[in-house]
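The values are calculated or read from the model by the stated rules, or taken from the named source; none is laboratory data. From a predicted model like this one, the values you see are computed outputs, not experimental measurements. With ideal geometry, Cβ positions are generated from the backbone for all residues, glycine too; neighbour counts draw on all protein chains shown. We work out accessible area using only protein heavy atoms, side chains counted, and drop any ligands, DNA or RNA first. Shrake-Rupley method; radii C 1.70, N 1.55, O 1.52, S 1.80 Å.
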Amino acid sequence: NRKTGIGSWFPIKMSNQKLEKHVASKTQTVIFITYIIAALEITWMFVQFSITPYLAKRLGFDTIWFGYLQTTVGVIQLLGGPVFGRFADLFGARAALTMSCVASVVYFLLLGIASSVPLLFIHKLPAVFMHILPGAQMVVTDLSEPERRADALAKLGLCFGIGMIVGSSLGGALSTHYGESFAAFVAAGGSLVSTILVQKFIPKHTKNQAGVQSLTDKKAGTGSVFNLSEITRLMKFPGVRKTFAVKIISGVPQGVFQVMFSIIAMDFFQLQAEQTGYLMAYFGVVQMVIQGAVIGRMTAKYSESTLLLLSISITSLVGLAQAFMFNVIQFCFIVIPMMYSLSTFNVITDSMLTKSVPASDSGTMLGLCASVQSFLRTIGPTIGGFLYQNYGVSSFGHIQFGVNLLLFFYLMKSGIQKPEQRQG
């Protein structure tokens, strides 16, 4: 099949119409399984999120040392993100997702036996290969039409919400009743299940035939996974640098707050592990509603540039509200616009960036997008720890309000370039 490159799944000759139906059905099956794998892996990741702060506290970590731990993860994934995306472009979706799931198994097993400070740091090392969300985004990007890409990527956010709900609740309950190690081993078993699903249902390549041919050419020429010039050349395409700059500038204040949230939940809101799990589950419910029922309709009705401006303006107002919140009840109301602006912003910027580069480089671009989040997790703990100790929680909101307000007026004045879908 010319369009999807997956017609090779059907070696038996059949009519074009029948082949199209089979390919469409198979494509939808692959996308659906990809959503399941993403939901499972995010579930296990949130199990880890809900137990690590309490395990670290039991091992004697203070706010600064917990920040160092978070920074370690950020640096590791910052280095691994673009390389993972390049690996996915060169060797295909199945190989990339398998590598991510196997790394998750090792990651959770090491967490389960982490009984000292050095071991808690060592268990973070496999995170260099753990990029399940960019891998799933690559599959969805390859198999979806450009005009429906934002909606398809938003559905991955729905999976994220499901994983957040189940993982946060499960992690809090397991760690409370059976201990952190048991919860980590359950997550390791879950990632093993994800690995099996990848091997059974995800095809070797999900790109169209032009994209697969381009991969063959790259392997024969500059096919190294660590070819930095091939990775950074994507920044030369029109509109990419500006969109990336917007993604980073708007993302820094939000990223700092997210990185510090586990500390805020413990110290500012005075929540226990199980209560934090329920709060994260609430985040997941809100995100599920937004990703499943709102963003798809918004992308069908409004342009990406309009939605980007809307998300930045709401992010600014959310920061103002965070600056004046005093308890968890107020925060629960703020979560609704916060999750909308965050979800819309990430979906729209990812969609714009993947449309700005050739289809054969979509994985590398999504790896670079993931590196933005890793970059925020790298600098976030240091900045967040300093702000929290010296200026309190309100400082996060004030900075978010000011930065995004200035960014909104800048984009209104300079305009946003509409991405041009590139082939190959």
>> List the residues, sorted by chain then number, that are 5 or more residues from L271 or on another chain and whose placed amide H is less than 5 Å from its amide H.
In response: M266
>> Taking 8 Å as the Cα distance limit and 6 or more residues as the minimum spacing, I'd like the relative contact order of the range 24-203 as a percentage.
In response: 44
> Pick from G296, G255, G60: which is most flexible by mean-square fluctuation in a GNM of the chain where alpha carbon atoms under 10 Å apart are linked?
Replying inline: G60
>> Could you give me D for the range 24-203, from Stokes-Einstein at 25 °C and 0.890 mPa s, where the hydrodynamic radius is the Kirkwood radius over C-alpha pairs? Units µm² s⁻¹, please.
In response: 147
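For the range 228-416, take N as its residue count and report Rg(C-alpha) divided by 2.2 N^0.38 Å.
That works out to 1.06 for the range 228-416.
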> Carbon-plus-sulfur fraction of the accessible area of the chain, 1.4 Å probe, in percent?
Replying inline: 67
>> Connecting C-alpha atoms closer than 10 Å in a GNM of the chain, tell me which of V289, V347, V252 has the biggest fluctuation.
In response: V289
> What are the residues whose amide H is under 5 Å from the amide H of H123, where those residues sit 5 or more places off or on another chain and H is modelled from the backbone?
Replying inline: none
>> Apply the a/c threshold of 1.5 to the C-alpha gyration tensor of the range 102-183 and tell me whether it is rounded, prolate or oblate.
In response: oblate
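Beyond 30 Å between alpha-carbons counts as too far, so tell me which of K207/K301; K204/K242; K26/K355 fall in that bin.
Check vs 30 Å cut-off fails for K204/K242.
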>> Can you compute the charge dipole magnitude of the chain about its Cα centre, using +1 on each Lys and Arg Cβ and -1 on each Asp and Glu Cβ, nothing else charged? Give it in debye, rounded to the nearest 20.
In response: 1280
> Between R148 and Q330, what length comes free when the chain is fully extended (0.36 nm per residue of separation minus the Cα-Cα distance, one decimal in nm)?
Replying inline: 62.0 nm
> Taking a label point 7 Å from the Cα of Q275 along the Cα→Cβ vector, which residues of the range 329-347 have an amide N closer than 17 Å to it?
Replying inline: 329-333
> Taking the chain as a Gaussian network, where each spring joins two C-alpha atoms under 10 Å apart, which residue of Q254, Q322, Q389 fluctuates the most?
Replying inline: Q389
> Just how much of T232 is accessible, in Å², when a 1.4 Å probe is used and the result is rounded to the nearest 10?
Replying inline: 80
> Going out from 0 in 10 Å bins, what whole percent of all Cα-Cα distances in the chain drops into each bin?
Replying inline: 5, 22, 33, 26, 11, 2, 0, 0
> Between G135, I36, F201, whose Cα lies farthest towards the positive end of the dipole of the range 24-203 when Lys and Arg beta carbons carry +1 and Asp and Glu beta carbons carry -1, centred on the Cα centre?
Replying inline: F201
> Which value in deg cm²/dmol, rounded to the nearest 500, describes the helix-derived mean residue ellipticity at 222 nm for the chain, given -39,500 (n - 2.57) per DSSP H run of n ≥ 4 and division by the residue count?
Replying inline: -26500 deg cm²/dmol
